[in-house]
Every structure is written in C-alpha cells, then in structure tokens.
Amino acid sequence: MEVVNARSALLSNFEVLNLLRELDAEHIARTKTAIRVKKEEEAAGKNSHDTHTEEISENLRTVELEAIQYLSADYQPSLHQSDASITQLTGSLQPFGLSKAEKLQIVNLAPTEPVELYVIVEELEDRLGNRMKDLLAAVSKSLNERAPEHPNGAVVVPEVKQTHDEDAVEVYEEADQETWEYDANAMEFDDTGEGAGVEGDLDVDDD
Amino acid sequence: MFVLSIIKDTIAILPTNFGVPSAQALISEINKKYANRVLHDVGLCICVFDLVEAGEGKVRYGDGCLWYKVRFRMVVFRPFASEVILAKVKSSDEDGIRLSVGFFDDIYVPLAYLPQPSAFDPNERAHFWLPDSEATTAHELLESATADRMYIDQGEVVRVRVEADEFYDDEPGPPKASEGIAVKREARRAPYSMICSIAEQGLGPVPWWKSAQPDGDAMEEA
C-alpha cells in the first residue's frame with residue numbers, strides 16, 4: 001500500500017455530499033433488489049441457496065450516513081447550493097484575487113456577513129476594502145438561486161439498517177439540476193460524475 | 001475540509017464475488033478496507049471517489065482470489081491548517097471544549113484558544129466568555145453577573161479555525177517475550193485529533209455573530 005499523493009485535489013462539501021448521497025441511493029437500491037429477489041425465490045419454492053450476497057461494509061455505511069447528516073444540516077449552506085450555483089459563485093469570485101483555500105472556504109461556509117468573511121480572508125480591508133459588499137452580495141445571490149429541492153434535504157437520515165423496505169426512499173435525482181440556465185461565463189457543466197467544473201477550479205496542482 | 005488522495009494498493013477479490021463486475025467488486029473491497037479508518041499522515045478516509053487504473057487480476061499460489069494492483073482516489077477528511085469549519089459542541093470540561101462533526105469527534109479547543117477573558121463555570125459545566133471585561137483571574141470572572149456571560153453550551157454550533165492536527169500511530173509492537181501472556185493495554189489515544197481555536201472575532205457560537213439588523217456595521221457582536 002502506498003500513498004501516491006496525500007492531497008491531490010480539494011473537494012467542496014457540496015461535492016462530497018452529492019457523492020455520498022449517490023452512494024447511499026445505490027446501496028438502498030441494491031438492498032431492495034436483493035430483498036425482492038429473495039422473496040421471489042421463496043415464493044417460487046426454490047431452496048434459498050445463497051448465490052450471491054454482497055455485504056455492504058458497516059464502516060462505510062456509518063461514516064456515509066453520519067457525513068450526510070452533518071453536511072445536510074440546516075446550519076450548512078449546502079442545502080441551498082447546486083452545481084450550477086457553485087460554478088457561478090467561483091466564477092464571480094475570480095476578480096477578487098483570492099487564494100484557492102479562501103475560495104473553497106467561501107463555497108463551504110457561504111458567508112453572508114462581513115464578520116464571517118473576516119475570519120476566512122486575511123487582511124480583508126487591505127485587499128478588498130469596499131468590494132467586500134460585492135463579494136457578500138455574490139454569495140447571497142448564489143444561495144438564493146435555488147430553494148432546497150432535494151427530496152431528503154433537511155430530513156434526518158434514518159438509523160443504519162440493512163433492510164430498508166419500509167422506508168419510502170426517493171432516489172436523489174441529479175439529472176434535474178442540469179436544466180437550469182447557466183451564467184454565460186460559467187464553465188460548461190460536463191457530468192462526468194467527477195464535478196469536473198468545480199473540482200478543476202480548485203485543483204491544488206494548478207497553482 | 002475534504003481532499004482527494006491517490007492511493008496504490010493490491011486488493012484481493014474473493015471467488016464469491018467473481019460474478020460482480022470487477023470495478024464494482026474492487027470499489028467494494030477498497031471501501032471495506034479503508035472507509036471510516038484513519039490513514040497515518042493522510043486523514044480520515046471516507047469513501048472511494050473513483051478508480052484511476054487497475055491491472056489484470058492475477059491468481060496467487062495458495063488461494064483462489066484474484067489479486068489486482070489498483071490505483072484509486074479516495075475522499076479523505078483532513079481540514080488544512082487555519083481552515084474555518086462548523087462543528088457542534090460535544091462536551092466541555094476544565095481543560096477545554098470537545099467538538100464533533102458527526103463522523104469525527106476528536107476535535108478539541110484547549111483553554112489557550114478560548115476567547116479571552118473566559119472561564120469555566122462548574123455549575124453549568126460550560127465555558128463562558130465575558131466580552132469587554134477587565135477581569136483577569138478565573139475567580140474574578142466567576143463573580144461576574146450571569147446575564148453578561150456568553151455561554152458555550154453543549155450542542156451549540158460553533159465556527160472554529162483549525163490550528164493543528166496530530167496523528168498518532170499506535171501500532172502494537174511485537175509481543176515482548178519477557179512480559180508473558182497478560183500485556184497491559186495502555187490508554188488508547190485517538191489516531192487523529194485536531195486542535196482548534198475560537199479566539200478570534202467571528203469564531204465561536206454562530207448566534208454570537210449574527211447581526212439582527214441588516215445595517216451593515218461590520219464587527220458587531222450579536
């Protein structure tokens with residue numbers, strides 16, 4: 001085992017939340033199919049020969065659910081963000097001359113007050129002065145762009161259970177977001193599943 | 001807060017999983033091995049992001065598993081130094097405050113990083129801050145009016161700046177022959193812990209810095 005690069009790219013909380021939600025949806029779908037198949041087999045009277053049960057790691061489920069809970073808490077801005085709004089936000093942060101770390105923190109924390117910005121950006125008055133208001137306006141704008149649309153946005157995630165058939169699970173549809181209009185300057189969102197638009201901007205190696 | 005790490009490893013797929021497409025089986029095995037575990041000097045591994053490349057599965061002499069040499073990217077939790085994050089207060093004691101982000105809770109704020117002047121109230125079991133106070137000793141602070149105190153209660157959401165993080169590798173060494181069977185287990189230290197600060201303006205409980213009126217005056221406390 002070898003760690004080739006311990007820090008090859010930075011990820012925003014929103015991207016990680018999406019990734020974990022996808023994973024969660026996959027797991028639930030897989031468990032449902034497994035249960036359905038089992039029921040069919042029993043109904044058909046076949047002997048329940050365990051052909052293939054893929055165990056899902058407990059550790060993975062635990063960290064996944066707890067991370068989803070943390071990242072989608074109501075004090076986090078990720079409920080009000082979307083791929084398009086983040087791409088637009090990073091685009092509008094360009095002229096302010098901020099470092100990658102500062103831009104990432106602004107995306108993660110979505111400061112709407114000067115005080116919040118103060119802790120993120122060093123030497124705020126020297127570098128930004130009266131453009132601070134513009135920056136805060138850009139952040140608020142990106143948050144207001146969409147109301148929480150996720151089916152399980154603010155809902156508390158249920159306890160870890162292997163059988164989920166009693167919960168009405170809605171698979172998180174990412175496809176719906178792409179019908180929004182983009183800012184003309186924003187990078188074209190290419191759904192390669194890697195958040196190429198956002199991640200590319202925050203890639204550490206680019207510096 | 002999260003980074004991508006590129007890791008190279010050799011993973012075995014058991015014969016029971018040969019029916020599953022290999023990429024999926026590999027990701028599943030990697031997650032089983034790494035998820036929710038701390039990698040020394042890397043951070044807390046969350047899940048696999050994607051596979052960069054994987055070689056052909058080879059069978060080794062001695063078992064029936066297919067061994068793949070894999071290179072993959074992993075989502076790792078490791079805030080960088082001086083990053084600002086949101087966390088919840090898990091508990092407080094005389095030495096400081098302990099915070100949690102749900103999936104990780106070895107985040108500590110030692111006394112030195114509390115806003116000055118502040119003290120620990122043993123009755124409330126919470127720390128409090130007395131802004132604009134001239135008192136210096138804990139004794140004087142505890143004499144202050146309760147209404148003036150800004151408490152940091154359990155379960156509150158706080159904004160903190162990460163100052164440092166520590167990795168502790170507690171790999172047990174080879175069993176010492178002299179000690180015999182009963183080896184004393186020492187107190188477990190967390191493999192990964194973080195020290196944070198709430199000493200600056202803007203840090204600490206989020207409600208402290210929420211301005212009620214939108215009149216734009218910058219550094220006002222709540």
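Per-structure values
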read-out: Tally of residues being among the polar types (S, T, N, Q) and free of Cβ contacts under 8 Å to residues at least 60 places away in the same chain across the range B:141-167; value: 2
read-out: Close pairs from the range B:20-48: first within 7 Å of another protein chain (Cβ to nearest Cβ), partner in a loop (DSSP other than H, G, I, E, B) and at pLDDT 90 or above, Cβ under 6 Å, at least 6 apart; value: B:Cys47/B:Ala35
read-out: Meets criteria (under 23 Å from A:Asn13 (Cα atoms), in contact with a Leu (Cβ under 8 Å, 6 or more places away or on another chain) and open to solvent by 40 Å² or more (accessible area, probe 1.4 Å)) for B:Arg71; value: no
read-out: Any hit, the range A:53-61, residues being modelled with pLDDT of 85 or more and surrounded by fewer than 19 Cβ atoms within 10 Å (Cβ to Cβ); value: yes
read-out: Criterion (hydrophobic (A, V, I, L, M, F, W, C), more than 21 Å from B:Ser100 (Cα to Cα) and buried (at least 20 other Cβ atoms within 10 Å of the Cβ)) met by exactly one of A:Ala34, A:Ala9; value: A:Ala9
read-out: Selected residue (criterion: surrounded by the fewest Cβ atoms within 10 Å (Cβ to Cβ)) from residues of the range B:88-106 that are within 17 Å of B:Ala164 (Cβ to Cβ) and within 9 Å of chain A (Cβ to nearest Cβ); value: B:Val101
read-out: Yes/no for A:Ile86 being under 25 Å from the mean Cα position of the chain (by Cα) and more than 12 Å from chain B (Cβ to nearest Cβ); value: yes
read-out: Qualifying residue in the range B:25-32 (condition: among the charged types (D, E, K, R), crowded, with 16+ Cβ neighbours inside 10 Å and at pLDDT 90 or above); value: yes
read-out: Among residues of the range A:89-108, those that are within 11 Å of chain B (Cβ to nearest Cβ), closer than 24 Å to B:Lys210 by Cβ and surrounded by fewer than 22 Cβ atoms within 10 Å (Cβ to Cβ), counted; value: 1
read-out: Hits in the range B:1-33 - residues which are closer than 25 Å to A:Ser8 by Cβ, in contact with a helix residue (DSSP H, G or I) (Cβ under 6 Å, 6 or more places away or on another chain) and in a helix (DSSP H, G or I); value: B:Ala25, B:Asn31
read-out: Top-ranked residue of the range A:53-76 - restricted to ones that are closer than 27 Å to B:Pro15 by Cβ and outside any helix (DSSP H, G or I), ranked as nearest to the other protein chains (Cβ to nearest Cβ); value: A:Ser57
read-out: Filter result for the condition that a residue is at pLDDT below 95 and either surrounded by fewer than 19 Cβ atoms within 10 Å (Cβ to Cβ) or within 11 Å of chain A (Cβ to nearest Cβ) (or both), over B:Val109, B:Val59; value: B:Val59
read-out: Residue in the range B:94-106 that is under 30 Å from B:Gln154 (Cβ atoms), modelled with pLDDT under 95 and of a type in the set (Phe, Trp, Tyr) present; value: yes
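The values are calculated or read from the model by the stated rules, or taken from the named source; none is laboratory data. Note that the coordinates shown come from a computational prediction; the quantities given were computed from them, not determined experimentally. Virtual Cβ from ideal backbone geometry, glycine too; neighbours counted across all protein chains shown. These area figures cover heavy atoms from the full protein model, side chains too; ligands, DNA and RNA do not enter into them. Shrake-Rupley method; radii C 1.70, N 1.55, O 1.52, S 1.80 Å.
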